[in-house]
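Participant: Please read through the structure below; I'll follow up with questions.
The values are calculated or read from the model by the stated rules, or taken from the named source; none is laboratory data. Keep in mind that this is a model prediction, so the values were computed, not measured. Here the Cβ is made from the backbone with ideal geometry for all residues, glycine too, and neighbour counts use every protein chain on show.
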Amino acid sequence: MNGRREEEVGLLVVGGGPAGLVAAELAARHGLTVLLVDERATFGGQIYRQPGPGFVVRDPRRVGRDYWAGVALVEAARGAGVELRARTAVLSLRGTTAVCLTEGDEHVTLLRARRVLVAPGASDRPVPFPGWTLPGVVTAGGAQALVKASRVAPGTRVAFAGSGPLALAFPAQLRHLGVNVVLALEAGPAPRAPTVARLVVAGWGNAALLRDALTYRARLLGARVPLRYGRIVVRAEGEDRVEAVVHAAADADWRAIPDSEERLEVDTLCVGYGFVPSTELLRLAGCQFGYDENLGGLVVEVDAWQRTNVEGVLAAGDGTGVRGALVAMAQARLAALGAAADLGAVSRARAARLARPVRRQLAAKERFRRALLPLYAVGPGIYELATPETVVCRCEEVTLARLEEAMEATVDTDALKSYTRAGMGLCQGRSCQPQIGAVLARRTGAASEAGSLLDGANEARRPVPRLSGGQLAALAGTTPRPPVRPAAIGVLADDTVPDRGLFVGG
Ligand SMILES: Cc1cc2nc3c(=O)[nH]c(=O)nc-3n(C[C@H](O)[C@H](O)[C@H](O)COP(=O)(O)OP(=O)(O)OC[C@H]3O[C@@H](n4cnc5c(N)ncnc54)[C@H](O)[C@@H]3O)c2cc1C
């Protein structure tokens, strides 16, 4: 006996963010037995993140509406009979069998499910630039986690650099929570009349999003935080920690324009150039991927019920391409209905009827997203900020120069990983792979065929010949290996395997 537990469940949901919680609740209401696991100590995911264990909410007015939205989703899932298991990470996924590890357990649990919904969300898009590893340079998500979960301000003089709707939201939220934000930089252009007109038209069905954007803008104005469009971070300066941010005017491709640099003293630089979907479990499971930089890069292919090409494996939320919490929840409803129909818990006709309003909602959100692209389409310049000395893989401390030297010998992503160890560390490539993919793409003909890795996906600007999604996907990711989260060897080891004396202690 190796101590490993085995369990069976109807639907296993990986991820307790809005997508996972909504899908779990709906599937349970349709009669499926549902287990939801999340590696964090609390549920709610990124947007509805709850304060960590030990925190008590004394004044409900001060925690904000996201907190209460999270509480409501968790209670609804529990009320529907979902089993919620926190501090439980899925380490591997093969078909519909998942290997999970609950914090404190001595062995892993093997979960066999009839259906698995993978809703792992996204993480900050890593953007290497000189000084990005200095203490005091934080990602937007990291800063948000500090403030939301631990009520700790990331610094006393904070600059924000980034792009996208959340680049308006983040500094406004930080400011609102009492953080001293002294500058906000948006890499994209200032909104002009035609874009605003398109947004107003696409605003039909998206009033809440427009209202949020105006609120955030007003908060920044009210707090006199300068918001500067068309400017990009160039480097962070400092000895032992960040002391200043240097930023420059950016062209339409987000490339820094010479002689436009400005320097501002800060003790914290918060960086938020969008998000990348967490794809490791879906890639391990063997799902097919396409590529769209504006959705975060690698994007899993799903059908109208959020089913991937792997039998029994579904995906929803930001992990399928970053589109925000409302889309995540709508996709989750489709996944739950699809799984319930596949397992015979609801008729296909009823599922289709229930899905109709959800599909209309998704179409409205997609119109809005496309109307926003002229403002926020990701420019290739974002992956051209690193200099040869810049550390690209932080876990293994591999510089851009080292990577480029290795690329003289190979342009195979897996061989590159073996040569340099970039992507082999704790984060398993999550923070270096987008940059490595972009550099590789430039060297390997993606540049001649598609302008660059990013241009190829940049539908808003100019029509360029594209590499297929599959080709780009191959460049952008190495072969994933389990466990996708760090785990002690002892919890994975199978002690029924006889020791043939191959590993003899010294
Ligand atoms: C850093 C960040 C900050 C954001 N801030 C805002 C904001 O301020 N306002 C806004 O409107 N939107 C924000 N968004 C977007 C919004 O949070 C997302 O659109 C929404 O949360 C997506 O929901 P989801 O359920 O798909 O993923 P998430 O909410 O990200 O939830 C995914 C969950 O899956 C869990 N998970 C992942 N992998 C595993 C695994 N292997 N095993 C177990 N559990 C796993 C994670 O712990 C997480 O709780 C932010 C997104 C990110 C990434």
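Participant: Filter region 248-274 for residues that are part of a strand (DSSP E or B) and surrounded by fewer than 24 Cβ atoms within 10 Å (Cβ to Cβ) and give the result.
Facilitator: ALA248, ALA249, ALA256, GLU262, ARG263, LEU264, GLU265
Participant: Tell me which residues, restricted to region 7-51, are under 15 Å from THR88 (Cβ atoms) and part of a strand (DSSP E or B).
Facilitator: Of everything in region 7-51, those that are under 15 Å from THR88 (Cβ atoms) and part of a strand (DSSP E or B) turn out to be GLU7, VAL9, LEU12, VAL13, VAL14, VAL34, LEU35, LEU36, VAL37.
Participant: Next up: From TYR273, TYR291, grab the single residue that is away from the ligand (no atom under 12 Å from the Cβ), among the hydroxyl-bearing types (Ser, Thr, Tyr) and touching a residue at least 12 places away in the same chain (Cβ under 8 Å).
Facilitator: The conditions single out TYR291.
Participant: Of the residues in region 52-80, how many are buried (at least 18 other Cβ atoms within 10 Å of the Cβ) and assigned to a loop (DSSP other than H, G, I, E, B)?
Facilitator: Total meeting the criteria: 1.
Participant: Next up: Which residues, taken from region 99-142, are assigned to a strand (DSSP E or B) and either on the phi > 0 side of the Ramachandran plot or among the acidic types (Asp, Glu) (or both)?
Facilitator: ASP124
Participant: Does any residue in region 165-190 that is outside the structural domain of TRP254 (by TED's automatic domain parsing) come within less than 9 Å, Cβ to Cβ, of a residue that is within 13 Å of the ligand (Cβ to nearest atom) and modelled with pLDDT of 85 or more six or more places away or on a different chain, and which pairs are these?
Facilitator: none
Participant: Looking for whichever is within 14 Å of the ligand (Cβ to nearest atom), among the charged types (D, E, K, R) and in the same structural domain as LEU284 (by TED's automatic domain parsing) here; the options are ARG87, ARG78. Which one fits?
Facilitator: ARG87
Participant: List the residue pairs whose Cβ atoms are under 7 Å apart, where the first residue sits in region 298-324 and is more than 19 Å from THR96 (Cα to Cα), the second is assigned to a strand (DSSP E or B) and within 8 Å of the ligand (Cβ to nearest atom), and the two are 6 or more positions apart or on different chains.
Facilitator: Short answer, once both residue conditions are applied: ASP318/ALA122; ASP318/PHE275; VAL322/ALA122; VAL322/PHE275.
Participant: Next up: Taking the condition within 15 Å of VAL392 (Cβ to Cβ), surrounded by 23 or more Cβ atoms within 10 Å (Cβ to Cβ) and modelled with pLDDT under 85, does ALA446 pass?
Facilitator: So ALA446 does not fit the description; no.
Participant: Here's another thing I want to ask about it. Counting just the residues of region 21-61 that are β-branched (Val, Ile, Thr) and modelled with pLDDT of 95 or more, which one comes out farthest from the ligand (Cβ to nearest atom)?
Facilitator: So, considering only residues that are β-branched (Val, Ile, Thr) and modelled with pLDDT of 95 or more, the one farthest from the ligand (Cβ to nearest atom) is THR33.
Participant: While we're on this one: Applying the selection to region 282-335, what residues are on the phi > 0 side of the Ramachandran plot and touching a strand residue (DSSP E or B) at 6+ places or on another chain (Cβ under 6 Å)?
Facilitator: Selection gives GLY296, GLY297, GLN306, GLY312, GLY321.
Participant: Find the residue count for region 14-48, including only residues that are out of contact with any helix residue (DSSP H, G or I) (no Cβ under 7 Å at 6 or more places or on another chain) and among the aromatic types (Phe, Trp, Tyr).
Facilitator: Going through region 14-48 one residue at a time, the tally reaches 0.
Participant: A follow-up question, please. Restricting region 165-185 to residues that are buried (at least 24 other Cβ atoms within 10 Å of the Cβ) and not in a helix (DSSP H, G or I), which is farthest from the ligand (Cβ to nearest atom)?
Facilitator: Only one residue tops the list, namely LEU185.
Participant: Between GLY344, GLY338, which is of a type outside the set (Ser, Thr, Tyr), more than 16 Å from the ligand (Cβ to nearest atom), touching a Lys or Arg at 6+ places or on another chain (Cβ under 8 Å) and free of Cβ contacts under 8 Å to residues at least 40 places away in the same chain?
Facilitator: Every option except GLY338 fails the conditions.
Participant: Another question about this same structure. Looking at ARG350, ARG359, ARG323, can you tell me which residue is in the same structural domain as THR96 (by TED's automatic domain parsing), within 16 Å of the ligand (Cβ to nearest atom) and basic (Lys, Arg)?
Facilitator: ARG323
Participant: Here is a further query. Read through the list (1) closer than 24 Å to GLY379 by Cα; (2) at pLDDT below 95; (3) of a type outside the set (Lys, Arg), then give the number of the only condition that GLU280 fails.
Facilitator: The single condition GLU280 does not satisfy is (1).
Participant: Of the residues ARG283, ARG217, only one is within 16 Å of the ligand (Cβ to nearest atom) and not assigned by TED's automatic domain parsing to the domain that holds ASN180; which?
Facilitator: ARG283
Participant: I would also like to ask the following. Restricting to region 322-350, name every residue that is in contact with a Gly (Cβ under 7 Å, 6 or more places away or on another chain) and surrounded by fewer than 24 Cβ atoms within 10 Å (Cβ to Cβ).
Facilitator: Hits for region 322-350 are LEU343, ALA345.
Participant: Tell me, yes or no, whether region 355-365 has at least one residue that is closer than 28 Å to TRP254 by Cβ and surrounded by 17 or more Cβ atoms within 10 Å (Cβ to Cβ).
Facilitator: Checking region 355-365: at least one residue is closer than 28 Å to TRP254 by Cβ and surrounded by 17 or more Cβ atoms within 10 Å (Cβ to Cβ).
Participant: Looking only at residues that are among the hydroxyl-bearing types (Ser, Thr, Tyr) and outside any helix (DSSP H, G or I) in region 393-421, which one is nearest to the chain's Cα centre (by Cα)?
Facilitator: THR399
Participant: Being hydrophobic (A, V, I, L, M, F, W, C), in contact with a helix residue (DSSP H, G or I) (Cβ under 7 Å, 6 or more places away or on another chain), modelled with pLDDT of 55 or more and within 26 Å of LEU284 (Cα to Cα): is that true of ALA476 here?
Facilitator: So ALA476 passes the test.
Participant: Can you tell me which residues in region 422-439 are free of Cβ contacts under 8 Å to residues at least 60 places away in the same chain and in a loop (DSSP other than H, G, I, E, B)?
Facilitator: Listed by number, the residues that qualify are ALA422, GLY423, MET424, GLY425, CYS427, GLY429.
Participant: Separate question: In region 81-110, how many residues are of a type in the set (A, V, I, L, M, F, W, C), more than 23 Å from the chain's Cα centre (by Cα) and crowded, with 16+ Cβ neighbours inside 10 Å?
Facilitator: 2
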